[in-house]
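Below: the structure, in structure tokens.
Since every read-out is calculated from the coordinates, none of them should be taken as a lab result. Please read these numbers as outputs of a predicted model, since none were measured by experiment. Methodologically, a virtual Cβ is constructed for each residue, glycine included, from the backbone with ideal geometry; neighbour enumeration extends over all protein chains shown.
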Amino acid sequence: MKTTTKYVGLDVHKDTTVIAVAESGRAGEVRLYGEISSDLGALEKVLRKIGGEGTTLHVVYEAGPTGFVLYRRLQQLKIDCIVVAPTKTPSEKGLRQKTDRRDALMLARLHRAGELTAIHVPDAVDESIRDLTRARADAVHDLTRAKQRLKSFLLRQGYRYSGKANWSEAHQRYLRELVLPLPALKAVLEEYLLAITQTTERVQRLEDLLAVQVPLWRMYPAVQALMGLRGFQLTAAAVLVAELGDIRRFEHPRHLMAFLGLIPRENSTGTSRRQGSITKAGNAHARWILVEAVQHAFLPPKVSTQLTLRQQGLSTPARELSWKIQVRLHKRGWHLLHRGVMKPKVTVALARELAGFVWDVLRQVPVPRP
């Protein structure tokens, strides 16, 4: 039986999906199939009609707010599917019209030409841990905003805390004992304090959930390996591993640095070469964790009691590598500072180098397949 190949481009939205089909071959027809509901059942019915007997389908759609539910369903149906990043989809220069139909036709045409690069789609369990770490990050962000609102409110009323450390026990006791002249102002203060208490408890609940769920995760050996490095406790290590996934998909540490957006922008032509700030084009959560963890590089190298406990069970080469990373980052950080480089630039440079060390550490950890 003669088999045919069809390339299906999907422009997926919350309520509707536009479908385009490209026949195999360079001169094959590229046509618009139509618009359907974004319900999975409706899409399965349409794909059965497009496919038919003896037809192989290759489906593509762009990553977006609808997540990877569609991808996983097509994988269950044994239909080839890839998900591409919108920022990496080639587009015509000077294009002045952009519609759902044009996007679907373009995806089908580019997929047939082999010009699309698939992104990494995490396993459902891996994505659940990533969602848990991101929920914790959102709670921390809400806590920071709640504290800033309270400080701004008190500053407008002329109250300034003169203690040494904000949000210490002394500072919180000062806030609880503060007496405002009007009942309305006292009510506002109590509401802000209640919001801070509730958000703090939410952060703690999510951290407790991480402490329970992460040890049951198949990627926990990678988390343990990262916890052997200074600056990586359970939460930070889990965030980084959940965002990166299987490190073996990066063939070289430079690829990981580019994925994290830690490499400089470049606009070079001919003999002219111009480099700027970092691209910030990659995973913002993983980049944030690296920048936070590398702050320890400005302190003298040290194996603290907590780090010693986290390194229990690690091999001798792993502990030696952890110490080597500390010494290397500390030496380079102070060298750049003494040259007069601004501290934010030094921090980013150290985070980029730490990404290379993380790549090396995680490549040595055997992780079971999902």
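At 222 nm, what helix-only mean residue ellipticity would the chain give, in deg cm²/dmol to the nearest 500, using -39500 (n - 2.57) for each DSSP H run of four or more? Walk me through the numbers on the way to the answer.
Working: 13 runs with 192 residues, N = 370.
Only helices count here, giving -17000 deg cm²/dmol.
Among Ile79, Ile119, rank each residue by its count of other Cβ atoms within 10 Å, from fewest to most, as a rough exposure measure. Could the numbers behind the result be given before it?
Working: Ile79 18, Ile119 13.
Exposure proxy ranking, most exposed first: Ile119, Ile79.
Rounded if a/c is under 1.5, else prolate if a/b beats b/c, else oblate: with a ≥ b ≥ c from the C-alpha gyration tensor eigenvalues square-rooted, which is region 94-155?
Since a/c reaches 1.5 but b/c is at least a/b, the shape of region 94-155 is classed as oblate.
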Between helix 316-338 and the chain: long-axis angle, C-alpha atoms, 0 to 90°, nearest 10: 70 degrees
Magnitude of the Cβ-charge dipole of the chain, K/R +1 and D/E -1, about the Cα centre, nearest 20 debye? 1340 debye
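What is region 4-113 by shape, rounded, prolate or oblate, if you read a ≥ b ≥ c off the alpha carbon gyration tensor as root eigenvalues and call it rounded for a/c under 1.5, prolate for a/b larger than b/c, and oblate otherwise?
In terms of gyration-tensor shape, oblate.
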Given Cβ point charges of +1 (Lys, Arg) and -1 (Asp, Glu) and nothing else, what value in debye, to the nearest 20, does the dipole of region 226-370 about its Cα centre take? 400 debye
For region 181-317, the charge dipole (Cβ of Lys, Arg +1; Cβ of Asp, Glu -1; about the Cα centre) points to a positive end, and the Cα of Pro264, Asn283, Val212 closest to that extreme belongs to Pro264
Exposure proxy check on Thr199, Thr87: fewest-to-most Cβ neighbours within 10 Å is Thr87, Thr199
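Using 1/(1 + (r/R0)^6) with R0 = 41 angstrom and r between the beta carbons of Asp123 and Leu182, what's the FRET efficiency to the nearest 0.05?
Once the sixth-power term is evaluated, E becomes 0.15.
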Which entries of Lys14/Lys280; Lys45/Lys98; Lys280/Lys343; Lys6/Lys280 show an alpha-carbon separation above 26 angstrom in the structure shown? Lys14/Lys280; Lys45/Lys98; Lys6/Lys280
